[in-house]
Amino acid sequence: MDHQPVLCSLPGKNPRVCAYVADDGEVKRTRTYFRAEGKELFYWTEMTFDGIQYCATLPIADSNVKGVDYYIWTINDGFESKRTRTYTISIVPEVPCEYPVFDDDTERTSKLEVNATSAKQGNTLEDFSKKGVVKYVPVTPRRD
């Protein structure tokens, strides 16, 4: 996996995260896990292959969120998984953000699917705008 960390994005924009992922076998899944900076629990979204690399568009961070922590995870057809370390995308105005990374493709930004990682996250996305999120998948507690 080869990934250039996203250092910053702009308020009110959807950050975009991409990575080159290759394997001797077949890449089965590639996901971006993300959360508001400093929060305990991550959400995740599938990364899609664009012909060269895998990319994910993240939801817009709420105005009180100054950073988005994220990492990329992948698994191959032999069930071997790899992940990057956790990075933080600073959400700052243009002046301090020399090279902001965001997605302005309305086709992608209007069809976001976000998945929770814990039942504690409830039935709604927290710390991020619901704009463009067409599906939120909460974790259903197991019944014993």
query: Residue check: is Ile60 buried (at least 18 other Cβ atoms within 10 Å of the Cβ), farther than 16 Å from Asn115 by Cβ and hydrophobic (A, V, I, L, M, F, W, C)?
result: yes
statement: When region 108-125 is checked residue by residue, the ones that are of a type outside the set (Ser, Thr, Tyr) and more than 19 Å from Leu10 (Cα to Cα) are Lys111, Glu113, Val114, Asn115, Ala116, Ala119, Lys120, Gln121, Gly122, Asn123, Leu125
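Need a quick list: strands (runs of 3 or more DSSP E) entirely within region 38-126 having at least 3 residues that are of a type in the set (Phe, Trp, Tyr). Lay out the reasoning, then the answer.
On the way: elements: 43-46, 54-57, 67-76, 81-83, 87-91, 112-116.
It comes to 67-76.
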query: Under the condition of being closer than 19 Å to Ile89 by Cα and either in contact with a Phe, Trp or Tyr (Cβ under 8 Å, 6 or more places away or on another chain) or basic (Lys, Arg) (or both), which residue from region 36-53 is surrounded by the fewest Cβ atoms within 10 Å (Cβ to Cβ)?
result: Lys39
query: Name the residues in region 1-35 that are buried (at least 16 other Cβ atoms within 10 Å of the Cβ) and under 17 Å from Glu113 (Cα atoms), would you?
result: Lys13, Asn14, Pro15, Arg16, Val17, Cys18, Thr30, Arg31, Thr32, Tyr33, Phe34, Arg35
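Values quoted throughout were computed directly from the atomic coordinates according to the rules given, and no laboratory measurement underlies them. Given the structure is predicted, the values throughout are model-derived calculations rather than measurements. A quick note on method: Cβ atoms are made from the backbone with ideal geometry, for glycine too, and the neighbour counts reach across all protein chains shown.
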